[in-house]
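Visitor: Below are the structure tokens for one structure; questions will follow.
The values are calculated or read from the model by the stated rules, or taken from the named source; none is laboratory data. For clarity, every value in this text was computed on a predicted model and none was experimentally measured. In this analysis, Cβ positions are derived from the backbone assuming ideal geometry, glycine residues included, and neighbour counts consider all displayed protein chains. Heavy atoms of the whole protein, side chains included, go into the accessibility calculation; ligands, DNA and RNA do not. Shrake-Rupley method; radii C 1.70, N 1.55, O 1.52, S 1.80 Å.
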Amino acid sequence: MRPRPLRSYSPLLLQGWRHRIDLADVCSLCLLVFGTTGALILALASGRSVVAGSSSPLNTTLLDRDRACEGCHADIYERYKRTPMARGSGIASDGLIEGGFTHAASGIRYRLIQRDGQAWMIYDRTVPGTGPALHGEQLLSYYVGSGRRGRTYLFEHDGRWFEAPVNYYSKKQLWDMAPNYGSVRSMPDTLPVDSNCLHCHAGEVQTALPEARNRYAGAPFMVGGVTCAACHGDPVQHLAQQGRGPIVNPAALSPANRDSICLQCHLEGEAAIYRAGESLVSYQPGDDLARFVVYFVNANHREGGGRATSQYEALLKSACKRASGDKLSCMTCHDPHDSPAAAERVSFYREKCLTCHTGQKMATEHHPEQQNCAACHMPTRETTDISHEQLTDHNIQKFPRKDHSAVIGQIVELVPVGGAGAGDRELGLAYAQLAERGDRQSGERALSLLKKAENEGSNDVELHVRLGFLDQISGKLDEAQREYQAALTENPYESTALADLAVLDASQGHTDLAVKLLEKVVAADPAQTAAGLDLAFLECRIGDQAKAMQTIAEVQRFNPDSASLHQFLATGKYGDQYCSLRR
């Protein structure tokens, strides 16, 4: 999964600090969550509709940096512009797929329409008895996804960027909820647009401001789609010297550095951990990706476990890769500058197979009635992590198994993909990701590994935050507090540390300290529903109902359909605690 900073909050006074983990812990187009922005007409407990206003997109055009390459590479330029990578993002109104659907579980109908040259998403709760009245509309700024597999949209409010809750699934030609949200009974919470996720869909991605990972000084990216620079590096010197300056040629790199260019976007694993102080922003074509991030898989899962981005993991286990070694790469079969037309795909890939399988009998007598080699040896399978999506199984087998995603061992055993080096810090953080999904055994391993890494000198924000959480759920409250304080020393805006430290302060009766910490979280990112409701509950508890209502209003601007929020407003109940909002 695409690594991203930990941002999960605890509903403050729920017994045992049941840590709230975002349902979507995976980036890419695949796991897309929602947030509503804009001015809200607050009905609060009255039952009236909540109507979201809109904000204007910052950009109506995007740059085309690749045009500078066209002078010498006109043919490649024209072919590449038709590929899914080149069309990976753009202006929403230019790439709007109009349509809609009613989500049965939540009773909400979503519609995507063009109006006055702009793209809009309109939502209404239309099924009686599924929740409180809800109506609103949101102006969409950008699309993400080429449309070959799917597409979703981004929107902005107060410089913060969010992904829509809905996704278009091209294989089934239908609109539905974003992956992992098919069964939710309310409009999903907001998911911030992280620059590391945009890295694989857009060019010249901007760095987020320190206080929130989805807040940018301007637009989140300047160039639509994946650019030439993503694979060939910075072209400034190459262009300045009329094509004689340095440029990255992936085919001329060492195998690890060559493969890294593809894997920067086409590998996610079951856990992914940045090296201390690194991110995808640091990676440049020509580098070894393993210097920046380590991807882990469960050795007790077959191949890629049926995930939509598990092709490389499966390929490593294939007989073709094991026999060919470093000679076989993604580029052996895939031309990054072009995509074969649908009518040419079978012959295009058959030719790739026959490059190695050169025997005359194979070419002429091996099932001449079936020219599609992949149909038998690389079957298309349903993915386990994305509804309505399929993948081509890259574990190229003579007789492919049907149970491609089967578990072959009950104990989780994480190993780095491709044998990348991983220390106690990286392995511990990987197990910690699984622990936050409820795996107690992984939590125990994570705690042991991370304590060891810390004792040996590891000192970074991610390590301290994960250790703080593990100590917290283990009842080691003093140690958890020290870890969160250490994280805040490194980054005073670290919102997970702020929010969970507030939990500890409140549990010890230091309500004033908890309120100050939560105020800092909500001021930096008011879209964080759990932290906002925690703050409102404490404000209510100290007798400031007016301030609590103001905080709830801010939370509701971004998440008008929160079940916890509506329960708190209607009954005063929050988790297993109670505080009346009426004086």
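Visitor: Over region 236-286, calculate the relative contact order: mean separation of alpha carbon pairs under 8 Å at least 6 apart, over the residue count, as a percent.
Guide: 36
Visitor: If you don't mind, there's one more thing I want to ask. In the chain, carbon and sulfur make up what percent of the accessible area (probe 1.4 Å)?
Guide: 52
Visitor: Now for a separate question. Restricting to Cα pairs below 8 Å that are 6+ residues apart, what does the relative contact order work out to for the chain? Please round to a whole percent.
Guide: That works out to 15 percent.
Visitor: Dipole size in debye (nearest 20) for the chain around its Cα centre, Lys and Arg Cβ +1, Asp and Glu Cβ -1?
Guide: With Lys and Arg at +1 and Asp and Glu at -1, about 1200 debye.
Visitor: Give the calculated FRET efficiency between residue 363 and residue 98 to the nearest 0.05, with a Förster radius of 60 Å applied to their Cβ-Cβ distance.
Guide: 0.85
Visitor: I need the shape label for the chain. Rule: rounded when a/c is under 1.5, else prolate if a/b > b/c, else oblate, with a, b, c from the alpha carbon gyration tensor.
Guide: Prolate.
Visitor: Which percent of Cα-Cα pairs in region 223-281 sits in each 5 Å bin, short to long?
Guide: Pair shares across the bins are 4, 14, 19, 23, 20, 13, 4, 3, 1.
Visitor: Taking 0.36 nm per intervening residue step and subtracting the Cα-Cα distance, what contour gain separates residue 299 from residue 570 on full extension?
Guide: So the chain would gain 92.7 nm between residue 299 and residue 570.
Visitor: Still on this structure, I have one more. Going through the cross-link list 516/573; 451/520; 81/171; 361/398; 327/352, which pairs have a Cα-Cα distance over 18 Å in this structure?
Guide: Exceeds cut-off: 516/573; 451/520; 81/171.
Visitor: Turning to a different aspect of this structure: Under 19 Å Cα to Cα from residue 452, which lysines show up? Leave out anything in the same chain fewer than 8 places away.
Guide: List returned: 476.
Visitor: Ranked from highest to lowest mean number of other Cβ atoms within 10 Å per residue, what is the order of the peptides 424-434, 319-329?
Guide: Ranking the peptides 424-434, 319-329 by packing returns 424-434, 319-329.
Visitor: Just subtract the alpha-carbon distance of residue 338 and residue 126 from 0.36 nm times their residue separation and send over the number in nm, one decimal.
Guide: 71.9 nm
Visitor: On a full-extension model of 0.36 nm per residue, what is the gain between residue 542 and residue 211, subtracting their alpha-carbon distance, rounded to one decimal in nm?
Guide: Gain on stretching residue 542 to residue 211: 116.4 nm.
Visitor: Using a cut-off of 10 Å between beta-carbons, work out the net charge of the residues near residue 203 (Lys and Arg +1, Asp and Glu -1, residue 203 not included).
Guide: Neighbourhood net charge equals -2.
Visitor: Just how large is the dipole of region 162-269 about the Cα centre, in debye to the nearest 20, putting +1 at every Lys and Arg Cβ and -1 at every Asp and Glu Cβ?
Guide: Computed charge dipole of region 162-269: roughly 220 debye.
Visitor: If you don't mind, there's one more thing I want to ask. Just read off the accessible area of residue 89 with the full protein assembly in place, 1.4 Å probe, to the nearest 10 Å².
Guide: So the heavy atoms of residue 89 present about 10 Å² to solvent.
Visitor: Taking +1 at the Cβ of each Lys and Arg and -1 at the Cβ of each Asp and Glu, which of 245, 446, 356 sits farthest along the dipole of the chain towards its positive end, judged by Cα position relative to the Cα centre?
Guide: 356
Visitor: Something else now. How many angstrom lie between the C-alpha centres of region 215-294 and region 513-543?
Guide: 39
Visitor: Further question on the same structure: Can you compute the FRET efficiency between residue 79 and residue 577 using 1/(1 + (r/R0)^6), with r the Cβ-Cβ distance and R0 = 51 Å? Round to the nearest 0.05.
Guide: My answer for the efficiency is 0.25.
Visitor: Contact order normalised by length for region 178-286, with contacts defined as Cα pairs under 8 Å and 6 or more residues apart; what percent is it?
Guide: Normalised by residue count, the contact order of region 178-286 is 22 percent.
Visitor: Among 482, 258, 111, what's the order by accessible area (1.4 angstrom probe), most exposed first?
Guide: The ranking, largest first, comes out as 482, 111, 258.
Visitor: Using r as the Cβ-Cβ distance of residue 440 and residue 240, and R0 as 51 Å, what FRET efficiency do you calculate, to the nearest 0.05?
Guide: Efficiency for this residue pair is about 0.35.
Visitor: Just the accessible area for residue 65, please: 1.4 Å probe, Å², rounded to the nearest 10?
Guide: Answer for residue 65: close to 120 Å² accessible.
Visitor: Students sometimes get this wrong: rank 463, 96 by accessible area, probe 1.4 Å, all chains present, largest first.
Guide: Of 463, 96, the descending order of accessible area is 96, 463.
Visitor: What is the ratio of the Cα radius of gyration of region 398-506 to 2.2 N^0.38 Å, with N the residue count, to two decimals?
Guide: 1.26
Visitor: Give me the accessible area per residue for the chain, probe 1.4 Å, as a whole number in Å².
Guide: So the chain comes to 43 Å² accessible per residue, rounded to a whole number.
Visitor: Quick check on packing: order 544-552, 561-569, 453-461 by the mean number of other C-beta atoms within 10 Å, highest mean leading.
Guide: By packing density, highest mean first, the sequence is 561-569, 544-552, 453-461.
Visitor: Given the protein chains as shown and a 1.4 Å probe, how many square angstrom of residue 380 are accessible, to the nearest 10?
Guide: Taking all protein chains as shown, residue 380 has close to 80 Å².
Visitor: Shifting gears a bit: Any chance you could check the Cα centroid distance between region 117-149 and region 159-179 for me, in angstrom?
Guide: So the two Cα centres are separated by 9 Å.
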